[in-house]
1. If you scan the range 358-394, which residues turn out to be open to solvent by 10 Å² or more (accessible area, probe 1.4 Å), more than 16 Å from Leu40 (Cα to Cα) and of a type in the set (D, E, K, R)?
2. Of all residues in the range 369-425, how many are within 16 Å of ligand 1 (Cβ to nearest atom) and assigned to a helix (DSSP H, G or I)?
3. Go through the range 88-202 and tell me which helices (runs of 4 or more DSSP H), entirely inside it, have 2 or more residues that are among the charged types (D, E, K, R).
4. Testing Glu426 on (1) farther than 30 Å from Gly294 by Cβ; (2) open to solvent by 40 Å² or more (accessible area, probe 1.4 Å); (3) touching a residue at least 24 places away in the same chain (Cβ under 8 Å), one condition comes back false. Which one is that?
5. Out of the residues in the range 204-215 that are touching a Phe, Trp or Tyr at 6+ places or on another chain (Cβ under 8 Å) and within 16 Å of ligand 1 (Cβ to nearest atom), which is most open to solvent (accessible area, probe 1.4 Å)?
6. Please go through the range 226-251 and give me each residue that is open to solvent by 30 Å² or more (accessible area, probe 1.4 Å) and either touching a residue at least 40 places away in the same chain (Cβ under 8 Å) or not charged (D, E, K, R) (or both), ordered by number.
7. Those residues that are surrounded by fewer than 23 Cβ atoms within 10 Å (Cβ to Cβ) and within 15 Å of ligand 2 (Cβ to nearest atom), I need them from the range 268-283; list them, please.
8. Go through the range 260-284 and give me each residue that's within 15 Å of ligand 1 (Cβ to nearest atom) and within 20 Å of Cys321 (Cα to Cα).
Amino acid sequence: MTAPTSRDLTVTEVRLTPVLVADPPLLNTQGVHQPYTPRLIVEVVTADGTTGLGETYGDTKYLELARPLADTLVGHQVADLNRLFAAADQVAVDASRVFGQVDVGGLRGVQTADKLRLSVLSALEVACLDALGRSLGLPVHALLGGKVRDAVEYSAYLFYKRAGHPEGVAAERDDWGAALDPAGIVAQARTFTERYGFGSFKLKGGVFPPDEEIAAVRALAAAFPGHPLRLDPNGAWSVETSVKVAEELGDVLEYLEDPALGIPAMAEVAARTSVPLATNMCVTTFAEIKEAFGRDAVQVVLSDHHYWGGLRNTQHLAALCRTFGVGVSMHSNTHLGISLAAMTHVAATVPHLHHACDSHYPWQSEDVLTERLTFERGTVRVSDAPGLGVTLDRDRLAALHRRWLEDDGSLRDRDDAAAMRVTDPEWVTPAMPRW
Ligand code: GKR
Ligand code: MG
């Protein structure tokens, strides 16, 4: 297929730049965030000199796959995305990189060869759409059928957090302070509203025993009456514990996110509570939808365009959810502005987006863009500039890449349990359910 332009949009080069990005000591059920987290920045260059940007997970297994997948793009049109996805099926995935491997303690669900490919392809797809949009003078949302809203709402992503990374460990400082109890979480939420105007709050749970997290959500409800609240323990609870938490917080929760692990456990919890259940763990591939929806295990799917395979697949997922009366919103992991721009473009095109999307972006003090994206009243404005509407800052990219080059390899794969062992040598990835 040839794009309807006289410009030559044949891909001549794909640049892949791994970076390490500063990350505060945020706690989750697996451990704590490392001081720096890996991301991969993708640049797709066309014959006419246009460059499109993409971003995805940057752990070693994604990097290993990125080069062969990028090579399938060279020599083809940026608009030839269906061909790219078909060609990608032929790129072999080293099974030892996938099967039987736990991906950051399973925080992102099942690991399959296809999902690994899609996670890399998503960055190539976004970069192609950015290049195509820049070249045609159209924003990415227009290439996806057009926006149905001018701003996309995000929620404040609250984390239990240490004041800083351990002494003696190379790290950037942050000004958020510690949050290790209900008062700390409420203070963090206030900072989020003051700085960004967020109106919904999600608390990353599974860190402390459920009663402490129930108390934190109660404190949030008292401090922000009527605001949508969510709690996400990443599958750390048994069915009984999940049902108990749902009973205790039913009057204040917008939804409970992945209280228990796996579709059968989620289905059992769902059958015993009227609190909607959301997931970014038990439905992360198209193959899981039939069982999950058939058993009414989840009421909201949190899409992540990285592992669902890009912006068009996110639209397909949204259409499926709508067909089955399931809500849709967006999951996030530590990410930079290119991904936030991509999330915002696709979210702008989804008609039935009834929940504020997640984003880690406020936790990232560093970026590879000339200008950071901003939140106003908790929303990101949908850019109408060509492509994604963001500009790469080469010096910043080079600096974060230098950090990756200089790392001895210990930070190139995110490992929250290993980061926890720096202060707690006895720490092992908890067996689930933890409570
Ligand atoms: O950043 O620690 C984190 C989160 O726990 C992340 O890894 C999860 O994938 O945000 C995610 C979630 O909603 O489960
Ligand atoms: Mg989650």
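The values are calculated or read from the model by the stated rules, or taken from the named source; none is laboratory data. Keep in mind that what you see is a predicted model, and the values were worked out from it rather than measured. A quick note on method: Cβ atoms are made from the backbone with ideal geometry, for glycine too, and the neighbour counts reach across all protein chains shown. We work out accessible area using only protein heavy atoms, side chains counted, and drop any ligands, DNA or RNA first. Shrake-Rupley method; radii C 1.70, N 1.55, O 1.52, S 1.80 Å.
1. Glu371, Arg372, Glu376, Arg377, Arg381, Asp384
2. Count: 5.
3. Where helices (runs of 4 or more DSSP H) fall fully within the range 88-202 and carry at least 2 residues being among the charged types (D, E, K, R), they are 113-136, 182-196.
4. The one condition Glu426 does not meet is (3).
5. It comes out as Phe208.
6. Gly226, His227, Pro228, Ser238, Gly250
7. Within the range 268-283, just Pro276 meets the criteria.
8. Across the range 260-284, the qualifying residues are Gly262, Met266, Leu277, Ala278, Thr279, Asn280, Met281, Cys282, Val283, Thr284.
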